[in-house]
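The values are calculated or read from the model by the stated rules, or taken from the named source; none is laboratory data. This is a predicted model, so every value here is computed, not measured. Neighbour counts run over all protein chains shown; Cβ positions are idealised from the backbone, glycine included.
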Amino acid sequence: MTEAKHFMRPDKDRFLGDEAPFEAMMSRFDFAAGLLNLEAGLYKVLRNPEKQIIVAVPVQMDSGEIEVFTGYRVLYNRSRGPAKGGIRFDLGVTLEELKALAAWMTWKCAVVNIPFGGSKGGVICDPRTMSMGELERLTRRYTTGIIEILGPDSDVPAPEVNTNERMMAWIMDTYSMRHGHTVTAVVTGKPVEMGGSLGRREATGRGCTIMAKQALRHLGLPLKGATVAVQGFGHVGSTSAEVLQAEGARIVGVSDVSGGVHDPKGLNVKDLLAWRQKNRYLTGYPEADAISNEELLALECDVLLPAALENVITARNAEAVKAKVIIEGANGPTAAGADEMLDRKGVFVVPDILANAGGVTVSYFEWVQDRSGYFWTEEVVNQRLQEIMVSSFDNVLAVSRKYGVNMRIAAYTLAIDRVAAVHRLRGLYA
Ligand code: NAD
């Protein structure tokens, strides 16, 4: 128990280190806006979140006492369609961070060209200290607080840090009870039994795998036999490692919050998953050498896949990275200060807003299936995910060639161009 506590992630959600999160995101936005010669008026529009809501969330705790939590929802931009973005429950939630994350969702949806805008929400709380009953009451009351802006055509939440399928079911139920009928499309990341999509849970990892394959192909390297190091062995990291191995890559290192394991001859991912299932963490795994997270980032490999937390590749350690390709499974794993160093070393970086967009893409599929009431097989989901990820990679690569910029700036440029185009066509209301 104490060991588990030790491994908790107090730093899990620190956005971009000490930088003000919104301004850190905007520094990359500004660069792309400059490339596009974005009009001054549109620049101002895209720099401002459309709506920010703060709600008091009173909850009766199991002790009988009433606690009042603070909840937020930020709708950044809905010009391309309903806002899409997760809800996080965490002590570190701030409005500033949610603004940045909501903007990020706007660009991510535009990069993969799905008809959504961006949003993000959260409640300041410590879910690890709360019972299921308390969490249910918190979720339902928060949902009620923001219910006017929720809806399949308006704003569609999903699970994020410390929220899961269970909570999405409560949100869906609360919204449906208020509207007098079942509205499955109001959230994504739901249990499959109640309108969730097959393949949603694995979608982000699958998307990362597709991006790794495309990036290697672009560099003229085969996936078969390529060496891969994965930081983070959760939803994204473990699925990526499993799928990459199944497709012939050699996983030479993986890590989690407890540390990492390394075998240049290749690890057995299925065995590692079984170990984690039994022991919760990778530490102590007997079939490979133990390494630290810092060592994992500097491993000799073709592909490095950071899939744990933000700000792990910084100006301090970027020089040590030996990978030819970085696939950003996590949000914001590379600090802005490391971009230039990686460029100089010739590392090909597939940025987060493209690399991990598989999750929101299958969320979009879930929303489409809910609205049409017709559900697809997992093969169809994976096939359509593949098509969207591959064409998005090609589109970002084309922009990167056109402007002579790296893939990150290219992804921002493509996204901003798409959002700006819709604003121009729609014009300014009233
Ligand atoms: P998760 O909680 O399932 O897994 C996180 C993993 O990171 C765990 O193995 C954990 O032990 C490890 N970890 C935590 N702290 C660490 C540290 N200090 N050093 C090394 N490893 C550490 O989370 P996830 O859903 O896999 O998400 C991982 C990242 O991917 C996050 O940045 C998340 O925002 C991003 N992401 C996730 C999705 C999704 O669909 N799950 C979609 C887009 C982006």
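Restricting segment 283-316 to residues that are in contact (Cβ under 8 Å) with a residue 40 or more places away in the chain and either polar (S, T, N, Q) or closer than 18 Å to A24 by Cβ (or both), which is farthest from the ligand (Cβ to nearest atom)?
The qualifying residue farthest from the ligand (Cβ to nearest atom) is T314.
Do we find a residue being among the basic types (K, R), surrounded by 23 or more Cβ atoms within 10 Å (Cβ to Cβ) and either modelled with pLDDT of 95 or more or within 29 Å of R140 (Cβ to Cβ) (or both) anywhere in segment 188-201?
Scanning segment 188-201 turns up at least one residue that is among the basic types (K, R), surrounded by 23 or more Cβ atoms within 10 Å (Cβ to Cβ) and either modelled with pLDDT of 95 or more or within 29 Å of R140 (Cβ to Cβ) (or both).
Considering only residues that are of a type in the set (A, V, I, L, M, F, W, C) and part of a loop (DSSP other than H, G, I, E, B), which ones fall in segment 221-251?
Those that are of a type in the set (A, V, I, L, M, F, W, C) and part of a loop (DSSP other than H, G, I, E, B): L221, L223, A226, F233, A249.
Give the residue, chosen from V161, V156, V123, that is more than 23 Å from S372 (Cα to Cα), part of a strand (DSSP E or B) and of a type in the set (A, V, I, L, M, F, W, C).
V123
Looking only at segment 6-14, decide whether some residue is within 16 Å of the ligand (Cβ to nearest atom) and modelled with pLDDT of 95 or more.
No; the residues of segment 6-14 include none that is within 16 Å of the ligand (Cβ to nearest atom) and modelled with pLDDT of 95 or more.
Run down L428, L414, L397 and say which single residue is at pLDDT below 95, at negative phi and not small (G, A, S).
Checking each option against the conditions leaves just L428.
When you scan segment 49-83, how many residues do you find that are surrounded by fewer than 22 Cβ atoms within 10 Å (Cβ to Cβ) and either modelled with pLDDT under 95 or among the hydroxyl-bearing types (S, T, Y) (or both)?
Counting residues in segment 49-83 that are surrounded by fewer than 22 Cβ atoms within 10 Å (Cβ to Cβ) and either modelled with pLDDT under 95 or among the hydroxyl-bearing types (S, T, Y) (or both) gives 3.
Which residues, taken from segment 317-333, are free of Cβ contacts under 8 Å to residues at least 60 places away in the same chain and under 16 Å from A410 (Cβ atoms)?
The answer is I326, E328.
Please work out if K213 is away from the ligand (no atom under 16 Å from the Cβ), under 17 Å from G358 (Cβ atoms), out of contact with any His (no Cβ under 9 Å at 6 or more places or on another chain) and of a type outside the set (V, I, T).
Yes; evaluated as a whole, the condition is true for this residue.
Could you check segment 37-48 and list, in sequence order, the residues that are surrounded by 16 or more Cβ atoms within 10 Å (Cβ to Cβ) and farther than 14 Å from W107 by Cβ?
L42, Y43, V45
Would you pick out the residues in segment 317-337 that are within 16 Å of the ligand (Cβ to nearest atom) and at pLDDT below 95?
If the condition is that a residue be within 16 Å of the ligand (Cβ to nearest atom) and at pLDDT below 95, then A330, N331, G332, P333, T334, A335 are the ones that fit.
If you check V254 against the conditions, is it in a helix (DSSP H, G or I), β-branched (V, I, T) and within 14 Å of the ligand (Cβ to nearest atom)?
no
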